[in-house]
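The structure under discussion appears below in the form of structure tokens.
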Amino acid sequence: DTEVTQTPKHLVMGMTNKKSLKCEQHMGHRAMYWYKQKAKKPPELMFVYSYEKLSINESVPSRFSPECPNSSLLNLHLHALQPEDSALYLCASSQVGVGTGIRRELFFGEGSRLTVL
Amino acid sequence: DQQVKQNSPSLSVQEGRISILNCDYTNSMFDYFLWYKKYPAEGPTFLISISSIKDKNEDGRFTVFLNKSAKHLSLHIVPSQPGDSAVYFCAASAKGAQKLVFGQGTRLTINP
């Protein structure tokens, strides 16, 4: 079972709204990630949580706020976004970290398609 | 500084033939390599990986070859099927690192 579940699949929000993206995995993975992907581009790393602690923030604007309530859940809180933030937001998980362990694969969810009006 | 490069933005192959996707890297610290397949509006799907201690890994129709001296890897798909039409991303990680480095992707089209 290599499933990472993301909700909602689609989200439309105005620039003054507050919304959240949710991600869940039940593979016992201890590292979770948020990526952003624009059309025809590779995924772009935003945040990494390792053992429920934020370990990487790739200089993401504060209008994106991650949260890891427990080892299975990862949220991305959105506030005062800009139209250029419209993209596919991908959650991913790995067994430990992508640089450690024997199995270093990253498993992605289906993504949440965000449109900011 | 693009550490992982996929120099072919697109590739077109006849159904039933072999598809070969290529990837080059510059960082000698990379020791684990992966291939992902992506359909539009979906998340990338993990296909196959290879550790730097190996030079080949095979899984069904997919084989990844690693040439460490040339800092080059390739993904072979044989026989190619219409459902293989997608964007393929090569990715790499270094021991102790916390993130994958992705290539720009190659769009593979399988023609009937």
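The set of residues in the range B:86-112 being open to solvent by 40 Å² or more (accessible area, probe 1.4 Å) and of a type in the set (S, T, N, Q) consists of B:GLN98, B:GLN104, B:THR109, B:ASN111.
Please find, among A:GLU58, A:GLU44, A:GLU3, A:GLU67, the residue that is surrounded by fewer than 17 Cβ atoms within 10 Å (Cβ to Cβ), within 11 Å of the chain's Cα centre (by Cα) and within 12 Å of chain B (Cβ to nearest Cβ). Steps first, please.
Numbers: A:GLU58 fails: within 11 Å of the chain's Cα centre (by Cα); A:GLU3 fails: within 11 Å of the chain's Cα centre (by Cα); A:GLU67 fails: within 12 Å of chain B (Cβ to nearest Cβ).
Step by step, each of A:GLU58, A:GLU44, A:GLU3, A:GLU67 is checked, and only A:GLU44 is surrounded by fewer than 17 Cβ atoms within 10 Å (Cβ to Cβ), within 11 Å of the chain's Cα centre (by Cα) and within 12 Å of chain B (Cβ to nearest Cβ).
Restricted to the range A:10-31, and to residues there that are within 14 Å of another protein chain (Cβ to nearest Cβ) and at pLDDT below 95, the residue that is most open to solvent (accessible area, probe 1.4 Å) is A:ARG30.
Applying the selection to the range A:95-117, what residues are open to solvent by less than 20 Å² (accessible area, probe 1.4 Å), more than 9 Å from chain B (Cβ to nearest Cβ) and under 16 Å from the mean Cα position of the chain (by Cα)? Those that are open to solvent by less than 20 Å² (accessible area, probe 1.4 Å), more than 9 Å from chain B (Cβ to nearest Cβ) and under 16 Å from the mean Cα position of the chain (by Cα): A:SER112, A:LEU114.
Within the range B:81-112, if we keep just the residues that are among the charged types (D, E, K, R) and closer than 12 Å to B:TYR39 by Cα, the residue that is farthest from the chain's Cα centre (by Cα) turns out to be B:ASP84. Among the candidates B:SER74, B:SER69, the residue that is free of Cβ contacts under 8 Å to residues at least 60 places away in the same chain, over 20 Å from A:SER94 (Cβ atoms), over 15 Å from the mean Cα position of the chain (by Cα) and more than 14 Å from chain A (Cβ to nearest Cβ) is uniquely B:SER69.
Among the numbered conditions (1) of a type outside the set (S, T, N, Q); (2) within 14 Å of the chain's Cα centre (by Cα); (3) away from every other protein chain (no Cβ under 11 Å), the only one that A:CYS91 does not meet is (3).
Evaluate the range B:58-75: report whether one residue or more is open to solvent by 50 Å² or more (accessible area, probe 1.4 Å) and in contact with a Phe, Trp or Tyr (Cβ under 6 Å, 6 or more places away or on another chain). Yes, the range B:58-75 contains a residue that is open to solvent by 50 Å² or more (accessible area, probe 1.4 Å) and in contact with a Phe, Trp or Tyr (Cβ under 6 Å, 6 or more places away or on another chain).
The one condition from (1) open to solvent by 30 Å² or more (accessible area, probe 1.4 Å); (2) free of Cβ contacts under 8 Å to residues at least 40 places away in the same chain; (3) in a strand (DSSP E or B) that B:LEU11 does not meet is (2). Only one of the numbered conditions (1) open to solvent by less than 30 Å² (accessible area, probe 1.4 Å); (2) under 16 Å from A:ARG104 (Cβ atoms); (3) within 14 Å of another protein chain (Cβ to nearest Cβ) is violated by B:ILE53, and that is (1).
Comparison of A:GLU105, A:GLU44, A:GLU84 shows that the only residue that is over 30 Å from B:SER52 (Cα atoms) and free of Cβ contacts under 8 Å to residues at least 40 places away in the same chain is A:GLU84.
The values are calculated or read from the model by the stated rules, or taken from the named source; none is laboratory data. These numbers come from a predicted model, not from an experiment. Cβ: placed from backbone, ideal geometry, glycine included. Neighbour counts: every protein chain shown. With ligands, DNA and RNA removed, areas are computed over all heavy atoms of the protein, side chains included. Shrake-Rupley method; radii C 1.70, N 1.55, O 1.52, S 1.80 Å.
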